[in-house]
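Remarks on the structure that follows.
A short reminder: the numbers here are calculations on the coordinates, not readings from a lab. Please read these numbers as outputs of a predicted model, since none were measured by experiment. Here the Cβ positions follow ideal geometry from the backbone for every residue, glycine too, while neighbour counts run over all protein chains shown.
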Amino acid sequence: MKKTLRALLAITLATSAVPTAQGAAAAKPPVAPDPAVRFVDDLPAYQPTQKVSGTIRLWGHGSSKHDFMGGLIGAWIEAFGRYQPDVKFEYRMYGTASAIGALYTGAGDLAILGEEISPDNARAFQRARGYPPTGLSIATGSVDADFFDYAHMIFVNKDNPIQGLSLTQLDAIFGAEHRRGRRNIRTWGELGLKGDWTGQPIRPYGWKVDEDFALFFRERVLGGSHRWNPAIREYVHGARPDGSQYDRGQRIVDGVAADRDGIGVSNVRYATPQTRAIPLAWTDGGPYYEPTPANLISQRYPLTRIIPAYIDKAPGRPVDPAVREFLRFVLSREGQQAIVRESSYLPLGAAKRQAQLEKLQ
Amino acid sequence: MRRLLAGALAGLFAPLAAAAASLPPPPAHQTGVVRIWGTAQMAPLAQRWATGLRAQRPDLRVETHLTGSDVALAGLYTGKVDIALVGRDATEVEVKAFEWIYSYRPTGVVILHGGVDQPGRSPALAVLTHRSNPLSQISLDQLRAVFGADGAQMRTWGQLGLKGAWATRPIHLYAPDMESGSGRFFRHVVLADTNKLNWNALREFAEPVGGPGHVDQAARRIAAAVARDPLGLGIGLSPKASQPIKALAVARAADGPYFRATPGTVVSRAYPLARDVNAYFNRAPGAAADPGVKAFLDYVLSPAGQAELAKVGGYLPLSADDQSHSRNALD
């Protein structure tokens, strides 16, 4: 608690109120970390390559209603400050939607998003600056933690015998342009199911197709196409009879639970006994992967998500030294340990982490 | 349990948490400066307005920098821009980005109409067919049935009322990328923003991401596609006489009245597929508009300001009623 308190004091603040304990409590996972994350204790420790100074204007994932990443970022800033005390932070985490705009209008130096960059934001950056934004992955999305960029799972009805699906098949089912393959798939028979399944139409259930979670699915599965299968039933948050929120992810799974021919994209936090989340493969024939922490961290599970940090770096120009050192810190042992300790995200796998460091050379 | 606890604590500490979590939003305005960004094609017009305003108000520093509507709206929420001039409506995501910073939505007023048919000037959308096609008019409901994949669907020219050999022929659709500004406008007016479309019959034409000098290509290619395809129905621009295509008259309701896009039907709002050009600015609820913003938009909405349109070409002025409606929204 004391450490996080110091972290927030190190940040330039408008007020002196510091209820950061609450912020950290909201973010901390309640159980011991999965064995799959223990490797972070063996990562290389942060070694500054130079002493840096300056102010980093930080924009990104946040809101006035939820703490989201506040505890984690506070921990990073506090720990980084012990190595680089001359770097100050302006904390402007007003939401992912404004973060890239802050970069390309010159209002921000670093954008930490709560999800993959949207195509619209990437396009606007390109239009404003004449080159694409530079992104690094800094964390892996969670398996099933709400507000922590959870992975997507594919659900079928418990009566459905299908063993697993590839991204090509998912594209053919959920999309209308089959960029990954030769044709759309519209019946269960086309996926090899026999008997009374053969002629049954596949009924897809999913997020509202122009909203955040669906944009990830679109980029990862549909190859960026905006042509969804018109039969898809889209869900936004609803309300239960008692007035509480009927989460869209639950509505999707409940829809598949009641529909033998249904297939839905959602998350295992909404799982019910009437449905089954199936393993997924990158290519037809497998290998198929379950969404375990280890399979997310290694990026083997095909619908793993990441947390990116974006900067404005012109081609041929170096990264701002203070930002560079902070990102190197986030990718170091201390930075990745903080992810495990202070948030419900997962750390980056070794190969991905190394690739990010190389972007900072 | 953790979520319940977090929820309860958030309720108790929310105001403090919000204040400590982020700095207050960037200041929206600076005194004496009016910073105007917007759709790149509007730069000549914006510069004329800036010149006109400076003549009236030498105390104001008016800066224009128009490189794109998306960039302009981002500048609005990062505090770099006083007025965003955009040839479309702000998207829900852009509004959300602003709202999560300021806790209120940006204010938008209509300042002029897009043109009848000039590319890049937010032109009205024309519904095009081959000249040999007997159809002369179409309603918005019919367009929805033709382009949509939900509800009542029309897939043949017979379903649009054509007889004889035309009755069983399929409708081939040509339209702008449905995620582009024109595409979103079309889906908004005709299809209640749905993304479920008749993809099998629809060929989309994307606009490459361009810089300030970019000229729209998609409309030209759509016209060429309809010119080659007697079964085609295209969403493009009003055709030139030299092309073997024609524009249908369009009605909001099946019993009409039906209109083609002309300066008159755009300004009177009779033509259902004409575009508005908007100015967005930051104004807190209950507060007056920033004086510099008000000065600029008062000028834009004045006879002198609207007269600049004729010198630049391609846009259309607001009717007197619409001008006063927009002016009232500034107070």
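The table for this structure:
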{"item": "Ranked A:Glu211, A:Glu177, criterion: other C-beta atoms within 10 Å, fewest first", "result": "A:Glu211, A:Glu177"}
{"item": "Size of chain A as Cα extents on the principal axes (Å, biggest first)", "result": "69, 47, 38"}
{"item": "Check: the stretch A:101-233 dipole with +1 on Lys, Arg Cβ and -1 on Asp, Glu Cβ, in debye", "result": "680"}
{"item": "Amide H contacts under 5 Å for A:Ala281, placed H, 5+ residues apart", "result": "A:Leu165, A:Ser166, A:Leu167, A:Tyr289"}
{"item": "R0 of 25 Å, Cβ-Cβ distance A:Thr49-A:Gln299: FRET efficiency to nearest 0.05", "result": "0.40"}
{"item": "Ratio Rg/Rh, restricted to the stretch A:309-358 and using Cα atoms, in which Rh is the Kirkwood radius", "result": "1.01"}
{"item": "For the stretch A:225-241, 3J(HN,Hα) per residue [Karplus equation, 6.51 cos²θ - 1.76 cosθ + 1.60, θ = phi - 60°, Hz, x = Gly/Pro]", "result": "5, 9, 8, 8, 4, x, 7, 5, 9, 9, 10, 10, 4, x, 10, 7, x"}
{"item": "Given charges at beta-carbon only (K, R positive; D, E negative), |dipole| of chain A in Debye", "result": "520"}
{"item": "Cα gyration tensor, the protein assembly as shown - rounded (a/c under 1.5), prolate or oblate", "result": "oblate"}
{"item": "Cross-link reach list, lysines versus A:Lys158, counting only Cα pairs under 17 Å and skipping chain neighbours closer than eight places", "result": "A:Lys194"}
{"item": "Extension gain, A:His237 back to A:Gln163 (0.36 nm per residue minus Cα-Cα distance, nm)", "result": "23.7 nm"}
{"item": "Burial ordering of B:His29, A:His226, B:His113, fewest other beta-carbon atoms within 10 Å first", "result": "B:His29, A:His226, B:His113"}
{"item": "Shape category assigned to the stretch A:72-188 from the gyration tensor of Cα positions, a/c cut at 1.5", "result": "oblate"}
{"item": "Electrostatic dipole magnitude of the protein assembly as shown [Cβ: Lys, Arg +1; Asp, Glu -1; Cα centre; debye, to 20]", "result": "900"}
{"item": "Set of lysines with alpha-carbon distance to B:Lys246 below 26 Å, sequence-local pairs under 8 removed", "result": "B:Lys163"}
{"item": "Highest-MSF residue in chain A out of A:Leu43, A:Leu72, A:Leu110 [GNM, Cα springs under 10 Å]", "result": "A:Leu43"}
{"item": "Estimated FRET transfer efficiency when R0 is 30 angstrom, pair B:Ser268-A:Asp146 (beta carbons, to 0.05)", "result": "0.05"}
{"item": "Least to most buried among A:Ser53, B:Ser180, B:Ser302, A:Ser137 (fewest other Cβ within 10 Å first)", "result": "A:Ser53, B:Ser302, B:Ser180, A:Ser137"}
{"item": "Table column - 3J(HN,Hα) (Hz), the stretch A:166-181, Karplus curve with 6.51, -1.76, 1.60, x for Gly and Pro", "result": "9, 4, 4, 5, 4, 4, 5, 7, 8, x, 10, 10, 5, 5, 8, x"}
{"item": "Anisotropy class of chain B from Cα gyration tensor, a/c 1.5 cut", "result": "oblate"}
{"item": "Pairwise centroid distance, computed over Cα atoms, of the stretch B:246-269 with the stretch B:25-48, Å", "result": "34"}
{"item": "Amide proton proximity set for A:Arg57, modelled H, under 5 Å, gap of 5+", "result": "A:Glu90, A:Asp109, A:Leu110"}
{"item": "Mean ellipticity per residue at 222 nm, deg cm²/dmol - from DSSP H runs of n ≥ 4 across chain A, formula -39500 (n - 2.57)", "result": "-9000 deg cm²/dmol"}
{"item": "Whole-Hz couplings from phi, Karplus 6.51/-1.76/1.60, listed for the stretch B:186-198; x for Gly and Pro", "result": "4, 5, 5, 6, 9, 10, 6, 6, 5, 10, 9, 10, 6"}
